[in-house]
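Peer 1: Sending over a structure as structure tokens; questions will come in a sec.
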Amino acid sequence: MAVRSETDLAARGFTLSELMIAAAAREINDGELVFVGMRLPMLAFLVARRTHAPAAIGLFENGVIRATPSPELLYTMADPPNLRAATECGQMLDVMGLLQQGRVHVGFLGAAEVDRFGNLNTTWGHRDRELRRLPGSGGACDIACLARRTVVLLVHDRSRLCERVSHITSPGYGSGNGWRRAQGLPDDSGPSAVITTLGVLRFRLDGEAYLASVHPGISVEEVLSNTGWTLRVSDELVETIPPDTEELRVMRELDPNHFWTR
Amino acid sequence: MKLTTMREAIERHVPSGSMVLLGAQLEPMIPFSAGHEIIRQGRRDLTLVGPISDILFDQMIGAGCVARVMAAWVGNVSAGVGYCFRRAAEQSIPRRIEVVDYSNFTLALALHSAAMGAPFMPTYATLGSDLLKKNGNLREFPSPVNEERLVAVRALRPDVAIVHVQRADSEGNAHLWGSLGVAVDGARAARKVIVVAEEIVEPAVIASDPNRTLIPGFLVAAVIHEPWGAHPSPVQGYYGRDHAFFAEYHEETRTLEGFERWLTRWVVRPQSRHEYMSQLGEARAEKLGVKEHAFAAPADFGY
């Protein structure tokens, strides 16, 4: 399935990762404070900075703040190029404090599993019906609790997009309506998009996910049959907008050997 | 005299059963050489504390040193999975470990709380999560000043914090820069601090820039001069991250036998950091070295 869409996309002049990075970059508005993760979100932040959001500011959980993109491609947030000429190199609590104040507009997260209400599991996963110990939260739980919007990126299949995660590492909308408020989580926070290998999910006011766009060459049926619950589909379903020439140019300049964008 | 060897420092200050903070700066400046010496000395029943510590926690778990991990993330930052951690958590190989799951913020608050001498710090982080349900050091409580619900993060006081720094004097006054993570609170939270430094400098060098002295010497029990002691993690201004080393570790430790071979080669056989670096080879070290220095402008402390 993934192979077919990859081939299909290659014929259109970009890879699936490039499509997902462009979609993630568009979740960042100009001037926003962004909790940047590693891998694809890192590239998404750099693409946003270099295209439509030149005033976006990146926060990293090791305490680093950057208002200018790092001069080189990064593998981890503490690689020396990310610290040189940073806006600030502080402590973890400096950036976590900004997050808890509600000043971080958007945070990016990966996940092993996401459910119908956007809850994430990165602690105990399932593979071949066996329990698998995963690395854990890192800063994901903090970001999911406290960022105004969170954007999740992951591979789309039935085991990863499940009806209910078995372990809530990072809370989304819990069981729906009013759950976040009942838990004591800040108003005006929670997941805003799940960018998968097949499409983009967003959330209704009741906290349940719906299919907002499908990637080029992917059918709605394909998305539904690869989702572990009966996914609602938007009446205004669109095709995910492909990366434009400028976005692709920036991505390929930052990652010339396609380390992250294979 | 606090200046000593890694062997003596671990012998003296890290007995079996200790709670040890490692990897306080997150991905960089992870005290790998200290962790390797702990493994060589056969320490057992340790509690490891740290936000992530990359593959160092995985190695110490695989070597059987660890009874409990209190961390936000355990694995291999380059590759995701840490196979030793997974074998221990899923199959109790080489022994059963207890995993106390934190988030980065709550682990930082646990250390901050101890550093402040407070019993706990309040936060909204982890509300609604299963971390809050399962970690007994995170407790929900009603706010005493308004109608909100909060999480009390219990203070965590490690027996010893091992912190890798760029430079220190022989009394342990230490300069560190770059990504700080939880190092400042960690050094104050712990009962003892071991400083591992790339360079030992004259006290006047440290005293010339007191804002950069993030660990005062009176907190420090031992100072070790250990160039390359953080490899394969990076030290700003000294060497970069050896990404290939993390990828190789990932490939070579998939199986228990593979990990044992890796451990013999990189930890058991080299008796010192010097021997470890000889094995790594000069060519590889040179490739990781600083290509272009970028010194900060001096700050004027004159009056």
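The values are calculated or read from the model by the stated rules, or taken from the named source; none is laboratory data. Because the structure is predicted, anything quoted here is derived from the model rather than measured. So basically every Cβ, Gly included, is an ideal-geometry build from the backbone, and we count neighbours across all protein chains shown.
Peer 1: May I ask you to list the residues in the stretch A:5-44 that are small (Gly, Ala, Ser) and closer than 25 Å to residue A:62 by Cα? Please lay out each step first, then the result.
Peer 2: The first filter runs over the stretch A:5-44 and keeps only residues small (Gly, Ala, Ser), leaving A:5, A:10-11, A:13, A:17, A:22-25, A:31, A:37, A:44.
Selection gives A:24, A:25, A:31, A:37, A:44.
Peer 1: Identify, please: which residue in the stretch A:167-187 is of a type in the set (S, T, N, Q) and buried (at least 23 other Cβ atoms within 10 Å of the Cβ) and is, among those, nearest to residue B:101 (Cα to Cα)?
Peer 2: My answer is A:169.
Peer 1: Which residues, taken from the stretch B:1-26, are part of a loop (DSSP other than H, G, I, E, B) and at pLDDT 95 or above?
Peer 2: Keep residues of the stretch B:1-26 that are part of a loop (DSSP other than H, G, I, E, B), which gives B:1-2, B:5, B:14-18, B:22-26.
B:2, B:5, B:14, B:15, B:16, B:17, B:18, B:22, B:23, B:24, B:25, B:26 - these are the residues of the stretch B:1-26 that are part of a loop (DSSP other than H, G, I, E, B) and at pLDDT 95 or above.
Peer 1: Hey, among the residues in the stretch B:175-216 that are under 21 Å from residue B:36 (Cβ atoms) and of a type in the set (D, E, K, R), which one's nearest to the other protein chains (Cβ to nearest Cβ)?
Peer 2: Applying the filter and picking the extreme gives B:198.
Peer 1: Run down A:71, A:80, A:54 and say which single residue is within 13 Å of another protein chain (Cβ to nearest Cβ) and at pLDDT 90 or above. Before the answer, list the steps.
Peer 2: Numbers: A:71 fails: at pLDDT 90 or above; A:54 fails: within 13 Å of another protein chain (Cβ to nearest Cβ).
Being within 13 Å of another protein chain (Cβ to nearest Cβ) and at pLDDT 90 or above holds for just one of A:71, A:80, A:54, which is A:80.
Peer 1: Looking at the stretch B:71-86 only, could you name the residues that are surrounded by fewer than 24 Cβ atoms within 10 Å (Cβ to Cβ) and either under 16 Å from residue A:140 (Cα atoms) or in contact with a Leu (Cβ under 7 Å, 6 or more places away or on another chain) (or both)?
Peer 2: Residue satisfying the conditions is B:80 alone.
Peer 1: Condition test on residue B:267, is it in the same structural domain as residue B:30 (by TED's automatic domain parsing) and of a type outside the set (S, T, N, Q)? Give the steps one after another, and end with the answer.
Peer 2: Values: in the same structural domain as residue B:30 (by TED's automatic domain parsing): yes; of a type outside the set (S, T, N, Q): yes.
When the stated conditions are applied, residue B:267 passes them.
Peer 1: Do we find a residue being outside any loop (DSSP other than H, G, I, E, B) and out of contact with any strand residue (DSSP E or B) (no Cβ under 6 Å at 6 or more places or on another chain) anywhere in the stretch A:58-67?
Peer 2: Let us first name the residues in the stretch A:58-67 that are outside any loop (DSSP other than H, G, I, E, B), namely A:58-59, A:64-66.
The next check asks that each one be out of contact with any strand residue (DSSP E or B) (no Cβ under 6 Å at 6 or more places or on another chain); those that pass are none.
The answer is no; no qualifying residue exists.
Peer 1: Considering the stretch B:15-66 alone, what residues qualify as being surrounded by 24 or more Cβ atoms within 10 Å (Cβ to Cβ), touching a residue at least 60 places away in the same chain (Cβ under 8 Å) and β-branched (Val, Ile, Thr)?
Peer 2: B:20, B:30, B:49, B:55 - these are the residues of the stretch B:15-66 that are surrounded by 24 or more Cβ atoms within 10 Å (Cβ to Cβ), touching a residue at least 60 places away in the same chain (Cβ under 8 Å) and β-branched (Val, Ile, Thr).
Peer 1: If you don't mind, another one. Residues to consider are A:11, A:48, A:56, A:44; find the one that is closer than 18 Å to residue A:245 by Cβ, free of Cβ contacts under 8 Å to residues at least 40 places away in the same chain, buried (at least 22 other Cβ atoms within 10 Å of the Cβ) and small (Gly, Ala, Ser).
Peer 2: Working: A:11 fails: buried (at least 22 other Cβ atoms within 10 Å of the Cβ); A:56 fails: closer than 18 Å to residue A:245 by Cβ; A:44 fails: free of Cβ contacts under 8 Å to residues at least 40 places away in the same chain.
The match here is A:48.
Peer 1: While we're here: Residues in the stretch B:27-59 that are of a type in the set (D, E, K, R) and assigned to a strand (DSSP E or B): how many?
Peer 2: Initial filter on the stretch B:27-59 (of a type in the set (D, E, K, R)): B:27, B:37, B:40, B:43-45, B:54, B:58.
Checking which are assigned to a strand (DSSP E or B) leaves us with none.
Residues flagged as of a type in the set (D, E, K, R) and assigned to a strand (DSSP E or B) within the stretch B:27-59 amount to 0.
Peer 1: Now, a different point. Please go through (1) over 26 Å from residue A:168 (Cβ atoms); (2) part of a helix (DSSP H, G or I) for residue B:93 and return the number of the only condition it doesn't satisfy.
Peer 2: Condition not satisfied by residue B:93: (2).
Peer 1: Looking at the stretch B:47-65, can you tell me whether even one residue there is within 14 Å of chain A (Cβ to nearest Cβ), among the small types (Gly, Ala, Ser), within 24 Å of residue B:176 (Cα to Cα) and within 13 Å of the chain's Cα centre (by Cα)?
Peer 2: Yes.
Peer 1: Please enumerate the residues belonging to the stretch B:174-200 that are over 16 Å from residue B:229 (Cβ atoms) and of a type in the set (A, V, I, L, M, F, W, C).
Peer 2: B:177, B:180, B:182, B:184, B:187, B:189, B:190
Peer 1: Which of the residues spanning the stretch A:125-144 are out of contact with any Pro (no Cβ under 6 Å at 6 or more places or on another chain) and under 24 Å from residue A:100 (Cβ atoms)? Outline the logic, then answer.
Peer 2: Step one: list which residues in the stretch A:125-144 are out of contact with any Pro (no Cβ under 6 Å at 6 or more places or on another chain), which gives A:125-143.
Matches in the stretch A:125-144: A:135, A:136, A:137, A:138, A:139, A:140, A:141, A:142, A:143.
Peer 1: Follow-up. Out of (1) under 25 Å from residue B:160 (Cβ atoms); (2) more than 14 Å from every other protein chain (Cβ to nearest Cβ), what's the single condition that is false for residue B:302?
Peer 2: Residue B:302 satisfies all of (1) under 25 Å from residue B:160 (Cβ atoms); (2) more than 14 Å from every other protein chain (Cβ to nearest Cβ) except (1).
Peer 1: Further question on the same structure: Residue check, residue B:92 against (1) more than 7 Å from chain A (Cβ to nearest Cβ); (2) of a type in the set (S, T, N, Q); (3) under 25 Å from residue A:144 (Cα atoms), all met but one. Which one?
Peer 2: If we test residue B:92 against (1) more than 7 Å from chain A (Cβ to nearest Cβ); (2) of a type in the set (S, T, N, Q); (3) under 25 Å from residue A:144 (Cα atoms), just (3) comes out false.
Peer 1: Residue A:212 is checked against (1) within 23 Å of residue A:113 (Cβ to Cβ); (2) more than 19 Å from the chain's Cα centre (by Cα); (3) surrounded by fewer than 21 Cβ atoms within 10 Å (Cβ to Cβ); (4) hydrophobic (A, V, I, L, M, F, W, C) and fails just one. What number does that condition carry?
Peer 2: Going through (1) within 23 Å of residue A:113 (Cβ to Cβ); (2) more than 19 Å from the chain's Cα centre (by Cα); (3) surrounded by fewer than 21 Cβ atoms within 10 Å (Cβ to Cβ); (4) hydrophobic (A, V, I, L, M, F, W, C) one by one, residue A:212 breaks only (2).
Peer 1: Applying the selection to the stretch A:83-102, what residues are within 15 Å of residue B:296 (Cα to Cα), outside any strand (DSSP E or B) and more than 7 Å from every other protein chain (Cβ to nearest Cβ)? Walk me through how you get there before you give the answer.
Peer 2: Keep residues of the stretch A:83-102 that are within 15 Å of residue B:296 (Cα to Cα), which gives A:83-89.
Subset that is outside any strand (DSSP E or B): A:83-87.
Scanning the stretch A:83-102 gives A:85, A:86, A:87.
Peer 1: Here's another thing I want to ask about it. Which members of the stretch B:81-112 meet the condition of being touching a strand residue (DSSP E or B) at 6+ places or on another chain (Cβ under 7 Å) and among the polar types (S, T, N, Q)?
Peer 2: Answer for the stretch B:81-112, where residues must be touching a strand residue (DSSP E or B) at 6+ places or on another chain (Cβ under 7 Å) and among the polar types (S, T, N, Q): just B:106.
Peer 1: Restricting to the stretch B:96-125, name every residue that is among the hydroxyl-bearing types (Ser, Thr, Tyr) and either within 17 Å of the chain's Cα centre (by Cα) or in a loop (DSSP other than H, G, I, E, B) (or both). Full working, then the answer.
Peer 2: Restricting attention to the stretch B:96-125, the residues satisfying the condition of being among the hydroxyl-bearing types (Ser, Thr, Tyr) are B:102-103, B:106, B:113, B:123-124.
Hits for the stretch B:96-125 are B:102, B:103, B:106, B:124.
Peer 1: A further question on this structure: Out of everything in the stretch B:270-293 that is within 14 Å of chain A (Cβ to nearest Cβ) and free of Cβ contacts under 8 Å to residues at least 40 places away in the same chain, what residue ends up being surrounded by the fewest Cβ atoms within 10 Å (Cβ to Cβ)? Show your work before the answer.
Peer 2: Of all residues in the stretch B:270-293, those within 14 Å of chain A (Cβ to nearest Cβ) come to B:287-293.
With free of Cβ contacts under 8 Å to residues at least 40 places away in the same chain added as a condition, the list becomes B:287, B:291-292.
Values: B:287: 13, B:291: 8, B:292: 5.
Top of the filtered list is B:292.
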